[in-house]
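For reference, the structure is listed below as structure tokens.
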Amino acid sequence: MSRLVFSGISKNFGAIQALSDVSLSIEPGEVLGLMGDNGAGKSTLAKIIAGNFRPSTGEISIDGISVVFHKPIDAQREGVAMVYQDLALADNLSAASNVFLGREPLRRFGPIRYIDYKRMNTVSADLFKQLKSETRPRQLVRRMSGGQRQAVAIARTLLSEPKIVMMDEPTAAISVRQVAEVLDLIRRLRDRGISVILISHRMPDIFSVSDNIAVLRRGRLVCRKPVGASSPEEVTGLITGAIDAA
Amino acid sequence: MTTLDDIINNSRHDSWFARLKNLQVFWVFIAAVLACLALSLMTDAFTSDRNLFNVARNFAFVAVIAIGMTAVIASGGIDLSVGSSVVLSAMVISVAMASGMGFWLSAGLALGAALLIGLFNGILIAYAGMPAFVVTLGSLSAARSLAMVLSDNKMIWEFGPDHDLLLWIGGGSTLGLPHPLYVLCVLAVVMSLVFRWTRWGQHLFAIGGNENAAVLAGIPVRRLKVSIYMFSAMTAGLAGILMAGWLGSVTTNLGQGMELTVIAAAVIGGANLAGGEGNALGAVVGALLIEVIRNSLILLGISTFWQGMFIGTFIIVAVAFDRFRNMRR
């Protein structure tokens, strides 16, 4: 059974048709590379999955059950996690504090409730270990590399045991060595049976980590096939419109 | 079983001394200690019981508010209205007590008035999205004006039936230590714990570090901001009550310009005006340093006109120090 299924999703903002009749499915443990030019509808699709927008028509189902997201929190409850492009981390706090931000575990001492830092540190250390990242829970995010920051952002999403993780341009603006680190993080998610939707402009990243590739152009899905059956040249053609569909 | 990874994860990367010397509050404390040592060598008057008592009491008022200011600054805001909240609170308690009300009820009214100023600031800043600087500049003017209206701009020096109690609370001492110092110690200890160990404290620093991240993490940022400005106003209200008792009379120029001293104390103590950093102990030490400088100028017979120069230098040196330290990283 597919993890996530879109059937006939359309979205229009007044007269502007952002998405038309997009049908797409993703399996557990699949990495789907989502590509398209600016304005092709990638962000709109991402925001529909994340619960920021509701589709004008069409249906979404997760694990075979139809879902309707009114707010981002609804999507989170159904196991959709979003790693934001700007990572949304507080630089002045430690890695563990960022992983648990807004969900800090509390302990009781009589009537007083205080934050259980010990638990935060051990749980985050465990998450970083699972991600095979050299990130220390007590380290300040300010002193971290781009790759370590990604690890913190991803560990943050893992805390809620997500089924689907969406990543918007995770490799933009970081060094080459760190890109390899982030792609490794994505593989770790896949190994845990999490479905990953990777939105990126960087062709090499998509081809090295994705199982399947989907291309949007002017709000329409023009391609969805295994990465092995495609090539960067074909995808470039699909994105620009030189190739109509594949 | 303890693995190597656990040890790495649980070890602090620096020794405690390396961590300590990275704290601005440590250096400010050293500066204050050096100033005290120099003063006790240069003048006999500094170490006299009377003078130490005065220093301890005087800096407590500024330090109490500086703790509230630290919360605001660490969350990325600023509160210019504290000096006016001081006078409003002092005026409410003196008018209420002069009219025959008891101390506790009047003190409750005074704190309530200060909290309303904080609520007003917080709502405009958090919900209407107005800049904190402008909103609190407005209430700086408005609250002092309210105090003038309330008292008809007269000095109040008779506080009704609980007159002696008020003077004892603000100006008295127990075991040789002035009462405002006790209030300060309790507040400093409680707030140090709150900043570090509660969600409120943790989220406050998160807002100061990256407000957008705090919103996305589902933290009720707006409600929290309102509570932060109310806390700042409450510390000002508390100081106002204590000052009324210390001075034994209240005029409408009480606390004028105090906001700048308070901000200076918080910043010298390590609060970062860009948000995300600050601690209660630092605010106390910053306030102490300012008071020691002020006191030393008087004792050394240097014109008090120089006071601003010294405090200004310290603010700039403290911030410059922080800047250089961050550049080295």
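Assorted remarks:
- Filter result for the condition that a residue is within 14 Å of another protein chain (Cβ to nearest Cβ), surrounded by 15 or more Cβ atoms within 10 Å (Cβ to Cβ) and either hydrophobic (A, V, I, L, M, F, W, C) or part of a strand (DSSP E or B) (or both), over B:Leu204, B:Leu166, B:Leu181: B:Leu204
- Residue match in the range B:215-227 (condition: within 9 Å of chain A (Cβ to nearest Cβ), more than 24 Å from B:Phe103 (Cβ to Cβ) and outside any loop (DSSP other than H, G, I, E, B)): yes
- Members of the range B:53-62 that are of a type outside the set (D, E, K, R) and surrounded by 16 or more Cβ atoms within 10 Å (Cβ to Cβ): B:Val55, B:Ala56, B:Asn58, B:Phe59, B:Ala60, B:Phe61, B:Val62
- The strands (runs of 3 or more DSSP E) located wholly in the range A:55-156 that include 1 or more residues which are touching a helix residue (DSSP H, G or I) at 6+ places or on another chain (Cβ under 7 Å) occupy A:80-83, A:112-115.
- Looking only at the range B:207-226, and only at residues there that are small (Gly, Ala, Ser) and surrounded by 19 or more Cβ atoms within 10 Å (Cβ to Cβ), the one that is nearest to B:Gly68 (Cα to Cα): B:Gly208
- Taken over the range B:191-201, the criterion of being closer than 20 Å to B:Ala283 by Cβ and facing chain A (nearest Cβ under 9 Å) is satisfied by B:Leu193, B:Arg196, B:Trp197, B:Thr198, B:Gly201.
- Cβ separations smaller than 6 Å between residues 6+ apart or across chains give the following pairs from the range A:7-20 residues that are farther than 12 Å from A:Ser43 by Cβ to residues that are charged (D, E, K, R): A:Ser7/A:Glu59; A:Gly8/A:Asp21; A:Ser10/A:Asp21; A:Ser20/A:Arg220.
- Looking across the range B:190-203 at every residue that is touching a residue at least 12 places away in the same chain (Cβ under 8 Å) and in contact with a Gly (Cβ under 9 Å, 6 or more places away or on another chain), the one that is farthest from B:Ala66 (Cα to Cα) is identified as B:His203.
- Residues that are of a type in the set (S, T, N, Q), surrounded by fewer than 19 Cβ atoms within 10 Å (Cβ to Cβ), within 10 Å of chain B (Cβ to nearest Cβ) and closer than 28 Å to B:Gly275 by Cα, drawn from the range A:68-121: none
- Of all residues in the range A:149-173 being polar (S, T, N, Q) and either within 12 Å of chain B (Cβ to nearest Cβ) or touching a residue at least 40 places away in the same chain (Cβ under 8 Å) (or both), the one that is surrounded by the most Cβ atoms within 10 Å (Cβ to Cβ): A:Gln150
- Boolean, B:Val92 is surrounded by 24 or more Cβ atoms within 10 Å (Cβ to Cβ), in contact (Cβ under 8 Å) with a residue 12 or more places away in the chain and within 10 Å of B:Ile241 (Cβ to Cβ): yes
- Qualifying residue in the range A:54-64 (condition: within 14 Å of chain B (Cβ to nearest Cβ), surrounded by 15 or more Cβ atoms within 10 Å (Cβ to Cβ) and touching a strand residue (DSSP E or B) at 6+ places or on another chain (Cβ under 9 Å)): no
- Options A:Val235, A:Val196: the member that is within 26 Å of A:Ser2 (Cα to Cα), touching a strand residue (DSSP E or B) at 6+ places or on another chain (Cβ under 8 Å), modelled with pLDDT of 80 or more and part of a helix (DSSP H, G or I): A:Val235
Residues checked against (1) closer than 22 Å to A:Ile186 by Cβ; (2) among the hydrophobic types (A, V, I, L, M, F, W, C):
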site: A:Lys11; (1), (2): no, no
site: A:Pro28; (1), (2): yes, no
site: A:Val31; (1), (2): yes, yes
site: A:Met35; (1), (2): yes, yes
site: A:Asn38; (1), (2): no, no
site: A:Lys42; (1), (2): yes, no
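- For B:Val149, the conditions (1) without any contact (Cβ under 8 Å) to a residue 12 or more places away in the chain; (2) touching a strand residue (DSSP E or B) at 6+ places or on another chain (Cβ under 7 Å) are fulfilled apart from (2).
- Within the range A:161-181, being modelled with pLDDT under 80 and either under 19 Å from A:Met82 (Cβ atoms) or part of a helix (DSSP H, G or I) (or both) holds for A:Pro170, A:Thr171, A:Ala172, A:Ala173, A:Ile174, A:Val176, A:Arg177, A:Gln178, A:Glu181.
Here's the yes/no breakdown for (1) under 30 Å from A:Ala90 (Cα atoms); (2) modelled with pLDDT of 90 or more; (3) not in a helix (DSSP H, G or I):
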site	(1), (2), (3)
B:Ser85	no, yes, no
B:Met97	no, no, no
B:Leu105	no, no, no
B:Ala114	no, yes, no
B:Ile123	yes, yes, no
B:Phe133	yes, yes, no
B:Ser141	no, yes, no
B:Leu150	no, no, no
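The values are calculated or read from the model by the stated rules, or taken from the named source; none is laboratory data. Nothing here was measured: the structure is a model prediction, and the numbers come from that model. Reconstructed Cβ throughout: ideal geometry from the backbone, glycine too, with neighbour counts over all protein chains shown.
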